[in-house]
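Please read the structure below before turning to the comments.
The values are calculated or read from the model by the stated rules, or taken from the named source; none is laboratory data. Model, not experiment: these values are computed from the prediction. When we count neighbours, we look across all protein chains shown, and the Cβ atoms used for this are built from the backbone with ideal geometry, even at glycine. Only protein heavy atoms, including side chains, enter the accessible area calculation; ligands, DNA and RNA are left aside. Shrake-Rupley method; radii C 1.70, N 1.55, O 1.52, S 1.80 Å.
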Amino acid sequence: MAKQARNAKYTSLLTNHREDARSSWKRLVAAPVSSLMTVTVIAIALLLPSFLMVLNANLEAVVDSFRQSARITLYLESGVSVESAAEVSNNLLQRDDIVQAEYISQQQALADFSRRSGLDSLLGQFSENPLPAAIVLTPASTNLALVSSLAEELSALPEVDQVQLDADWIRRADALATALTILARGLGAIFLLGVCFIIGNTIKLGVEHRRDEIRVIKLVGGSHSFIARPFLYTGFYLGGLGGITALLLLLALLAAVQGPVAAFAGSDNFQRPGLAALLLLILGGALAGWLSALLASWHHIRQIDP
Amino acid sequence: MIAFDRVSKRYATGQTALTNISFELQKGELAFLTGHSGAGKSTLLKLILAMEPISGGRLQINGRDMKSLKARQIPEHRQHIGTVFQDHQLLMDRSVADNIALPLRVSAYGEQEIRRRVRAALDKVGLLSKEKLNPARLSGGEQQRVGIARAIVNRPRIILADEPTGNLDPALSAEIMELFRQFRQIGVCLLIASHDASLIGSLGERVLTLDHGRLVNDSGASSHG
Ligand SMILES: Nc1ncnc2c1ncn2[C@@H]1O[C@H](COP(=O)(O)OP(=O)(O)OP(=O)(O)O)[C@@H](O)[C@H]1O
Ligand SMILES: [Mg+2]
């Protein structure tokens, strides 16, 4: 008997939830203009940081290509023969921390220089080739400290005259990536806070609008959670709808900038946000809506005295 | 069910509304609460409903000390009390039936049970035909009866009424008082505030008289020690 009564209680609690979900939805639809405006503002607030995140992911690819452009150039002593240079180069290639080693002979260096500079006539004035032979290494690591210590280590080789580390790009790339991440996260946090305020304010107006009803419900013994439930649904809907709208706007914007961004990134695989990230946008919006409704209703419903 | 023991109430404004009130009301008992305007009748009912905290003394409702009642226990406490308010407190944005169903909804009754009980309560107050109307379209007396239906629909152990016949004609007032007297037979405890002295006098029930916040007369005090 007791179990049956409890079951009936759960069933009716479910029915109540369904009823609240439905009536909250109807209330939103009943005021389409203001609901639409709220949803749009929420969508914009969610859109900006998510757009930055996508942009960031694409710039990461550019940044990575910058990183891989780090080179260590070993200028060889003038007496080193082509054969021993090739041996040094082969030995270096055996190492795990070096992915590529390219030997550049004196002639090649000269040819490259004249092709790039167009200063043939100047070089013609030298009786001997002034450029040293070199081995250009591509390090495996993109970590600045590792690459530097590698360069340091190689400078001790007897065949090596001078080492030039061309890693400035790693430094810049790291700084750029850090800046972008901070920007996206910071803006994300600020705008999410904005979403919470918008929804909190909407809930506050809703509570005020239904003041009489809430007072009577309190008088007949309605608990706080009973009173708050429809508002929680409202927050959930607003946040979720804002997320969906942001998603649609994001996809439209991405379709528009896809070409140029891919061209800039120098690759034709434009990084689209994954399905999980898109779902997160909707769920995150809904969750933020629900949470801010929870806080706002807790605060404002408490203020109503029967 | 209701036990006042030297209870006093002083509002935050410094206004003393009740002083040293002691009386008990048992299961199945009915008492009228009377006194001049401002004597403290509404205040006394508010203490029972935990709408206001008591300032001194001891108040027990359904065997529970009101001082120990925590804020989150108040809703459950009120679910056992049916209240008819001086200004009926009906919601004009929904039907008569939905107004009466409110105490059942907050207690999470099933929809079928709600419909059954709402109709039973409406039948009791003679408004079965007005079930679907908006309360704004009812007369003052009918609105008052909707308020009564809402107070009884949850089958509470205690019924409180604040001027339930305030704006009704004598015949209707007598009818409503008769209705309240019937509930006593099913073990409900009733406390009805009213300053309709002639009506109260004619019923021969227990009368508690307040004067400037003091209980100056309890016609049933001797029989209830
Ligand atoms: N919320 C309040 N804050 C301060 N004082 C109050 C408050 N409510 C009532 N009072 C005061 O307490 C006293 C008792 O008021 P109460 O409303 O209980 O009287 P009453 O007997 O119900 O009067 P009436 O017959 O006019 O309804 C009055 O002096 C009133 O001014
Ligand atoms: Mg009063």
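Report which residues of the range A:277-306 become buried by 20 Å² or more of accessible surface when going from the isolated chain to the complete set of protein chains (1.4 Å probe; DNA, RNA and ligands ignored).
A:306
Roughly to the nearest percent, how much of the accessible area of the range A:71-166 is carbon and sulfur, given a 1.4 Å probe?
Carbon and sulfur together cover 48 percent of it.
Can you give the three extents of the C-alpha atoms in the range A:71-166 along their principal axes, from longest to shortest, in whole Å?
Its Cα atoms span 41, 25, 18 Å along the three principal axes.
About its Cα centre, how strong a charge dipole does the protein assembly as shown have in debye, to the nearest 20, once Lys and Arg get +1 and Asp and Glu get -1 at the Cβ?
Taking the Cα centre of the protein assembly as shown as origin, the dipole is about 4260 debye.
Taking the Cα centre of the range A:71-166 as origin, work out the dipole magnitude from +1 charges on Lys and Arg Cβ and -1 charges on Asp and Glu Cβ, in debye rounded to 20.
So the dipole magnitude of the range A:71-166 works out to roughly 320 debye.
Using the eigenvalues of the Cα gyration tensor, what equivalent ellipsoid semi-axes result for the range A:206-306 when each is taken as the square root of five times the eigenvalue, whole Å, largest first?
Working through the eigenvalues yields semi-axes of 44, 10, 9 Å.
Using a 1.4 Å probe and counting only protein heavy atoms, arrange A:172, A:18 so the residue with the most accessible area comes first.
A:18, A:172
Could you tell me the accessible area of residue A:71 in Å² (1.4 Å probe, neighbours in place), rounded to the nearest ten?
80
Using a Förster radius of 41 Å, what is the FRET efficiency between residue B:71 and residue B:132 based on their Cβ-Cβ separation? Nearest 0.05, please.
Given R0 = 41 Å and the Cβ-Cβ separation, E is 0.65.
Provide the per residue accessible area, probe 1.4 Å, for the protein assembly as shown, rounded to a whole number of square angstrom.
Dividing the accessible area of the protein assembly as shown by its residue count gives 52 Å².
On alpha carbon coordinates alone, what is the Rg over Rh value for chain A, Rh being the Kirkwood radius?
Using only Cα positions, Rg/Rh for chain A is 1.30.
From largest to smallest, what semi-axes in whole angstrom does the protein assembly as shown give when each is the square root of 5 times an eigenvalue of its alpha carbon gyration tensor?
Largest first, the protein assembly as shown gives 86, 24, 18 Å.
Roughly how many whole Å is it from the C-alpha centroid of the range A:208-256 to that of the range B:61-101?
Spelled out, the Cα-based centre of one part sits 26 Å from the other.
Short version: what are the Cα gyration tensor semi-axes of the range B:92-154, square root of 5 times each eigenvalue, largest first, in whole Å?
Over the Cα atoms of the range B:92-154, the ellipsoid semi-axes are 18, 11, 10 Å.
Where in the range B:51-93 does the amide nitrogen come within less than 12 Å of the point 7 Å from the Cα of residue B:10, taken along Cα to Cβ?
B:55-57
At 222 nm, what helix-only mean residue ellipticity would the protein assembly as shown give, in deg cm²/dmol to the nearest 500, using -39500 (n - 2.57) for each DSSP H run of four or more?
Helix-only estimate at 222 nm: -19000 deg cm²/dmol.
B plus A alone minus the pair: what accessible area, both sides summed, probe 1.4 Å, in Å² to 100?
Approximately 1600 Å², summed over both chains.
Compute the distribution of all C-alpha to C-alpha distances in chain B, in bins of 10 Å from 0, and list the percent of pairs in each, rounded to whole numbers.
Over chain B, the share of Cα pairs per 10 Å bin runs 8, 33, 36, 19, 3 percent.
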